Amino acid sequence: MNIHGSVVSAREIVLSTEGVAAGYGGDDIISNISVAVGKGSIFTVIGPNGSGKSTFIKVLAGLLPARTGEIRLGAMSIARLSAPQRVAAGLAYVPQEFNIFTNLTVGENLRVSTEFLERERRASAEQRERVLAIFPEVAGRLGLRAGYLSGGQRQMLAFACAMMAAPTVLLLDEPSAGLSPKFVAEIFDKVKSVNAMGVTVVMIEQNVKEALRIADIVLVLVNGATRLLATPDDILTKHDLHKLYLG
Amino acid sequence: MTAQVILNGLVTGMVVALPAVALTLIYGILKFPNFAIGAMLTVGAYLALALNVYLSLPVLYAAAIGAAAFAVVAVGIDQAVFRPLRERSAITLLVASMGVSFVLENIVRFIFGNGARSFELPLARPKLVFGLRINNEQIFTAVAVIAAMTAVYVVLRHTPLGRAMRAVSDNPALAAARGIDRERIVRWTWVIAGLLTAAAGVLVGMDRAIDPLLGWNYIVTVFAASILGGLGNPVGAVLGALTVGVVEETSTLLIAPNYRQVVSFCAIALLLLLRPQGLLGVQRIKK
Ligand SMILES: Nc1ncnc2c1ncn2[C@@H]1O[C@H](COP(=O)(O)OP(=O)(O)OP(=O)(O)O)[C@@H](O)[C@H]1O
Ligand SMILES: [Mg+2]
């Protein structure tokens, strides 16, 4: 089984990593991660708790430096860019938690999401309208303090804030975590509609069933290492997730 | 009598509101209680005094120029003392601010001596309005404080700087990821704190004598006001200051004026026991 090359389709690559390793203190938490994300695809990362999924996406977003390896957005190396510079380059990120400003209003949250980027990267009025059209539940509460939103609404707001930067690649860290089934379905619908508009999505998901349904490629991360890189069909027909998760 | 006491208390509270807001803004951005807040009042008062007495500038101009100069000084103190300690604990920063307080007070003593001084102000009789004695300084204080608080409110609510300050105070990691330069916001916070404390120093100096302990006498009151409003909450700090002002002033009907700070001190203690998030504060709900 070839875990690296064969599953990458003929699509143009928008985001790729080569031999990325990272950690917080002593040892590397993730190591030797090499992936290639095709333009317009949904790339999903799954794996057991604590396997390093969030760590990997933080490295992509620029919140944690890669100790070794290369990260490219299109042809450009971004491994040395700061988080805001990566947003400006077209890579937006929604953290797993603490992803909105609870003391700012919903409207202010949207505004500050691009207000402090370089001038030409700030959201245009048209982009704002586009985002509000995708997220009517956000559009209807612009004056409300974000701390008063429900869990699902907060997730929608965080998602909408990331979209304000008109990203080419969107990084989502467990957007459906802790939400009721109704909101999980809604979040997945948003992911699909944003993807249909041409945005490439890299998403961590614990709802494996749902995730496999919309993913193009799945990375199974176990103990900070690539366990498998395959299409959802392959995973469902040729593999056993329980065995994969055991590492 | 009671109405007069409440009026005096409100005016005192207005003066206290300025450093209370400064304290709460610094707390929001840098997450430490700045003990030097009292000394900042003192230095602000002496800067204006120097311009007023030695350069014979009218108090208003002296205060404006002094406040602007002190804003620069405040940023300088931050860069020299607090910046190297940015990632340290709140306790470390609190202790550092005690050091700053001590140094500032002694610089003032060294330059101006220990004696009491006062601004050169034209004297005027208090006016009588509905039986209440209101003096010119009180009217000036009310106008100045309302103008300053309105300005701070507008900056916080309606400008990019204000949004950035609130964002950094709320969630520094997310603010950084959004491209907000925390150090820039920190510098502006010290500018605002410098302007507010210097203005408060002048208002206190107009009301009483100027001496090296001018600000020291207000520390407990200012902390009580900010804590009452929920540290980090500027609107709360203003309401806290007005409350503390009225309560302290009213207490002088019952106990010797020298003990008025005891009232604030008890208020802090009670509040920390019963409602640590402040009177207005909602417990911060986070995902
Ligand atoms: N800020 C941090 N400092 C130190 N260690 C951390 C930090 N964040 C995560 N870790 C550790 O890194 C490892 C991987 O954590 P990570 O959050 O990447 O896992 P995850 O796959 O996203 O898990 P989950 O499914 O629970 O979100 C864990 O052992 C965790 O304890
Ligand atoms: Mg995670």
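The values are calculated or read from the model by the stated rules, or taken from the named source; none is laboratory data. Everything numeric here is computed off the predicted structure, so don't read it as measured data. Backbone-built Cβ (ideal geometry, glycine too); neighbour counts: all protein chains shown. Note: accessible area is taken over every heavy atom of the protein model, side chains too, but ligands, DNA and RNA are not part of it. Shrake-Rupley method; radii C 1.70, N 1.55, O 1.52, S 1.80 Å.
A few notes on this one:
- When A:Asn223, A:Asn207 are checked against the criterion of being closer than 27 Å to A:Asp27 by Cα, open to solvent by 40 Å² or more (accessible area, probe 1.4 Å) and either of a type in the set (Ser, Thr, Tyr) or within 16 Å of ligand 1 (Cβ to nearest atom) (or both), a single residue qualifies: A:Asn223.
- Condition met for A:Ser41 (more than 8 Å from chain B (Cβ to nearest Cβ), touching a Lys or Arg at 6+ places or on another chain (Cβ under 9 Å) and in contact (Cβ under 8 Å) with a residue 60 or more places away in the chain): yes
- Helices (runs of 4 or more DSSP H) lying entirely in the stretch B:37-129 (those with 2 or more residues that are farther than 17 Å from B:Ile210 by Cα): B:59-77, B:90-112
- Residues satisfying the stated conditions in the stretch A:34-50, i.e. buried (at least 23 other Cβ atoms within 10 Å of the Cβ) and within 15 Å of ligand 2 (Cβ to nearest atom): A:Thr44, A:Val45, A:Ile46, A:Gly47
- Any hit, the stretch B:80-97, residues being of a type outside the set (D, E, K, R), farther than 29 Å from B:Leu228 by Cβ, at pLDDT 95 or above and out of contact with any Leu (no Cβ under 7 Å at 6 or more places or on another chain): yes
- Enumeration of residues in the stretch B:13-40 that are under 25 Å from B:Met98 (Cβ atoms) and in contact with a Gly (Cβ under 7 Å, 6 or more places away or on another chain): B:Val16, B:Ala20, B:Thr24, B:Tyr27, B:Gly28, B:Gly38, B:Ala39, B:Met40
- Condition check for B:Asn106: surrounded by fewer than 13 Cβ atoms within 10 Å (Cβ to Cβ) and at pLDDT 95 or above: yes
- Candidate set: the stretch A:20-33, residues that are surrounded by fewer than 16 Cβ atoms within 10 Å (Cβ to Cβ) and more than 8 Å from ligand 1 (Cβ to nearest atom); chosen: the one modelled with the lowest pLDDT: A:Gly26
- On the stretch given as the stretch A:114-126, residues that are under 14 Å from A:Ala89 (Cα atoms) and open to solvent by less than 30 Å² (accessible area, probe 1.4 Å) total 2.
- When A:Thr55, A:Thr17 are checked against the criterion of being buried (at least 20 other Cβ atoms within 10 Å of the Cβ), away from ligand 2 (no atom under 16 Å from the Cβ) and within 28 Å of A:Ser193 (Cα to Cα), a single residue qualifies: A:Thr17.
- Test: residue in the stretch B:118-138 that is farther than 18 Å from B:Ala22 by Cα, modelled with pLDDT of 95 or more and open to solvent by 60 Å² or more (accessible area, probe 1.4 Å): no
- Count of residues meeting criterion [within 8 Å of chain A (Cβ to nearest Cβ), among the aliphatic types (A, V, I, L, M) and open to solvent by 20 Å² or more (accessible area, probe 1.4 Å)] in the stretch B:177-192: 0
- Meets criteria (within 26 Å of B:Ala224 (Cβ to Cβ), free of Cβ contacts under 8 Å to residues at least 24 places away in the same chain and assigned to a helix (DSSP H, G or I)) for B:Val21: no
- Qualifying residue in the stretch A:158-169 (condition: free of Cβ contacts under 8 Å to residues at least 40 places away in the same chain and more than 16 Å from ligand 2 (Cβ to nearest atom)): no
- Filter result (of a type in the set (D, E, K, R), closer than 23 Å to B:Val81 by Cβ and part of a helix (DSSP H, G or I)) within the stretch B:163-199: B:Arg182, B:Glu183, B:Arg184, B:Arg187
- Filter pass, B:Leu239 being under 18 Å from B:Met14 (Cα atoms), open to solvent by 80 Å² or more (accessible area, probe 1.4 Å), modelled with pLDDT of 85 or more and not charged (D, E, K, R): yes
- B:Arg117 being more than 14 Å from every other protein chain (Cβ to nearest Cβ), within 26 Å of B:Thr2 (Cα to Cα) and basic (Lys, Arg): no
- For first residues located in the stretch A:85-96 and among the hydrophobic types (A, V, I, L, M, F, W, C), partners that are within 16 Å of ligand 2 (Cβ to nearest atom) and assigned to a loop (DSSP other than H, G, I, E, B) and lie 6+ apart or on another chain with Cβ distances below 9 Å form the pairs A:Val94/A:Pro175.
- Any chance B:Ala74 is touching a residue at least 60 places away in the same chain (Cβ under 8 Å), of a type outside the set (Lys, Arg) and surrounded by fewer than 18 Cβ atoms within 10 Å (Cβ to Cβ): no
- Scanning the stretch B:93-102 for residues that are touching a residue at least 40 places away in the same chain (Cβ under 8 Å) and open to solvent by less than 80 Å² (accessible area, probe 1.4 Å) yields B:Leu93, B:Leu94, B:Ser97, B:Val100, B:Ser101.
- Top-ranked residue of the stretch A:65-75 - restricted to ones that are open to solvent by 10 Å² or more (accessible area, probe 1.4 Å), modelled with pLDDT of 95 or more and among the aliphatic types (A, V, I, L, M), ranked as nearest to A:Leu241 (Cα to Cα): A:Ala66
- For the stretch A:79-179, the helices (runs of 4 or more DSSP H) that sit wholly inside it and include 3 or more residues that are within 11 Å of chain B (Cβ to nearest Cβ) are A:83-89, A:106-115, A:151-163.
- A:Pro48 falls short on exactly one of the conditions (1) at pLDDT below 95; (2) more than 16 Å from ligand 1 (Cβ to nearest atom); (3) of a type outside the set (Lys, Arg); (4) over 16 Å from the mean Cα position of the chain (by Cα), and that condition is (2).
- Figure legend. Inter-residue proximity from the stretch A:46-68: first residues within 12 Å of A:Ser31 (Cα to Cα), second residues part of a helix (DSSP H, G or I) and more than 8 Å from ligand 2 (Cβ to nearest atom), beta-carbon distance below 6 Å, spacing 6+ or different chains. Indicated pairs: A:Ala66/A:Val59.
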